[in-house]
1. Do we have LEU377 as in contact with a helix residue (DSSP H, G or I) (Cβ under 7 Å, 6 or more places away or on another chain) and crowded, with 17+ Cβ neighbours inside 10 Å here?
2. Hey, can you tell me all the residues within region 169-196 that are without any contact (Cβ under 8 Å) to a residue 40 or more places away in the chain, over 20 Å from ALA239 (Cα atoms) and either among the charged types (D, E, K, R) or part of a helix (DSSP H, G or I) (or both)?
3. Answer yes if at least one residue in region 313-320 is in a helix (DSSP H, G or I), in contact (Cβ under 8 Å) with a residue 24 or more places away in the chain and over 30 Å from GLY67 (Cβ atoms), and no otherwise.
4. Considering each residue of region 167-182, count those that are modelled with pLDDT under 95 and surrounded by 20 or more Cβ atoms within 10 Å (Cβ to Cβ), and give that number.
5. Do we find that SER281 is at pLDDT 95 or above and hydroxyl-bearing (Ser, Thr, Tyr) in this structure?
6. Tell me, yes or no, whether region 89-106 has at least one residue that is without any contact (Cβ under 8 Å) to a residue 12 or more places away in the chain, closer than 25 Å to VAL361 by Cβ and either surrounded by 15 or more Cβ atoms within 10 Å (Cβ to Cβ) or not aromatic (Phe, Trp, Tyr) (or both).
7. Sort out which residues of region 216-255 are under 29 Å from ARG299 (Cβ atoms), small (Gly, Ala, Ser) and surrounded by fewer than 21 Cβ atoms within 10 Å (Cβ to Cβ), and write them in order of number.
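The values are calculated or read from the model by the stated rules, or taken from the named source; none is laboratory data. Owing to the predicted nature of the structure, the values given are computational and were not obtained by experimental measurement. Ideal geometry is used to build each Cβ from the backbone, glycine not excepted, and the neighbour counts take in all protein chains shown.
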Amino acid sequence: MNNLLQLKKIKSHDSDEGQPVGAGPDMAPAKCPDLYVGRLHLTDFRSYGRVTIKPEGRSVVLTGPNGAGKTNILEALSFLSVGRGLRGCKLSEVSRRLPHGRGNWAVAARLETPDGTKDLGTGVMPGSDDEAGDLSLKDKRIIRIDGENGTGTTQFGDILQVAWLTPQMDRLFIEAPSGRRRFLDRIVANFHSCHMREVNAYDRVMRERNRLLQEDARQALWLDALESRMAEHGVAVAAARLDAIDRLTGAIADAASCFPQAVLRVDGLLEAGLMQGPALSVEDNFRKLLRDNRALDGRSGRTGDGPHKSDLLVTHKEKSMPADLCSTGEQKALLIGITLASARITAMSFGAPPILLLDEVVAHLDKVRRASLFDELAALGSQVWLTGTDQILFEELGARARYYRVENNQVAEV
């Protein structure tokens with residue numbers, strides 16, 4: 001049967017499709033989150049052929065050896081948000097490898113929200129993708145909401161928010177600005193639903209300008225039009241980032257947390273301009289800069305400055321130390337603190353806290369800080385999906401979570 005047919009209708013909690021894990025009325029939490037995944041079903045996703053998890057109203061702890069498939073489950077959930085998931089990979093890379101080729105992956109979830117139950121689904125259909133490449137090799141992303149076709153992943157953002165931390169992000173503060181910029185933009189999108197549309201629109205127009213500069217830089221009128229659009233989208237992106245930084249700064253200052261306070265700043269041309277003058281002036285100045293730099297950008301094949309070059313600068317407030325000079329443990333703690341502050345703002349602005357995906361996040365935390373993290377998560381009211389190698393790391397969670405063992409691409413409740 002075509003896997004994508006499963007996206008048309010997610011069956012009820014009593015479905016016997018696949019191998020459900022996670023049940024038991026005696027395990028029900030005292031209070032369910034306002035928004036949570038009650039049922040998750042994967043088909044031909046990464047290492048999984050078919051698996052169903054039914055956490056209902058509880059958080060989830062997935063433990064098992066490295067390479068067992070724990071992160072794959074978190075990645076599946078991350079596809080219920082805007083973009084390409086927590087690994088940012090090509091759609092074809094997600095499909096399970098089969099002897100005769102690869103499967104067509106699908107993720108289906110039953111979501112309980114303050115407005116009622118929502119059935120969400122996404123998957124891939126061979127044919128055409130939304131990125132450059134060989135058309136014969138590309139795939140099409142399918143979005144399903146309550147049995148109807150969706151127009152894009154941005155529709156998921158109107159229903160739920162998803163945030164994550166992964167081990168790959170542990171080097172966020174010491175690697176290239178692009179990773180910090182993506183991290184910030186995901187946070188901004190939780191407060192401004194159209195933010196990623198603006199980011200993507202800016203990138204598309206910038207690529208078109210770069211192409212035209214290399215092919216025929218004499219097209220002045222067309223370049224004028226592209227640069228005007230770049231200026232409009234770019235200023236919108238920069239303004240949303242500054243607003244998010246202001247909100248995060250307030251949330252961090254108000255928090256009673258064991259995690260260090262972070263001082264946040266965006267270092268960027270347009271962001272700096274907006275802090276000094278009106279948006280229309282910033283647009284005009286950026287448009288003029290683009291026009292003046294056509295020859296230079298044409299030779300280099302790229303646009304030299306703009307919001308695509310901005311950087312998120314983070315400082316450990318108590319130590320007055322840039323994050324990149326802090327210890328590995330301090331950098332991890334700063335990331336957790338920023339993520340928790342973002343989740344608190346999302347809970348207020350969106351009306352429900354985000355679903356949090358925390359991959360190996362407690363590995364470098366001592367027992368006291370682990371317990372404090374779990375308490376903060378409980379106070380936030382999010383459904384949290386956590387992974388780790390040893391269940392003992394999560395003992396402070398107690399009955400607030402369901403526990404699953406992941407091994408050899410099998411998932412079983414403990």
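1. no
2. ARG171, GLU175
3. Residues of region 313-320 in a helix (DSSP H, G or I): none.
Within region 313-320, none of the residues are in a helix (DSSP H, G or I), in contact (Cβ under 8 Å) with a residue 24 or more places away in the chain and over 30 Å from GLY67 (Cβ atoms).
4. 1
5. On the way: at pLDDT 95 or above: yes; hydroxyl-bearing (Ser, Thr, Tyr): yes.
Yes.
6. yes
7. First pass over region 216-255, keeping only residues under 29 Å from ARG299 (Cβ atoms): 216-238.
Cutting the leftovers down to small (Gly, Ala, Ser) gives us 217, 220, 225, 228, 231, 234, 236, 238.
Residues satisfying the conditions are ALA217, ALA220, ALA225, SER228.
Yes/no per residue for (1) part of a strand (DSSP E or B); (2) modelled with pLDDT of 90 or more; (3) among the basic types (Lys, Arg):
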{"site": "THR52", "(1), (2), (3)": "yes, yes, no"}
{"site": "PRO55", "(1), (2), (3)": "no, yes, no"}
{"site": "VAL61", "(1), (2), (3)": "yes, yes, no"}
{"site": "THR71", "(1), (2), (3)": "no, yes, no"}
{"site": "LEU77", "(1), (2), (3)": "no, yes, no"}
{"site": "ARG110", "(1), (2), (3)": "yes, yes, yes"}
{"site": "ASP129", "(1), (2), (3)": "no, no, no"}
{"site": "THR151", "(1), (2), (3)": "no, no, no"}
{"site": "GLY157", "(1), (2), (3)": "no, no, no"}
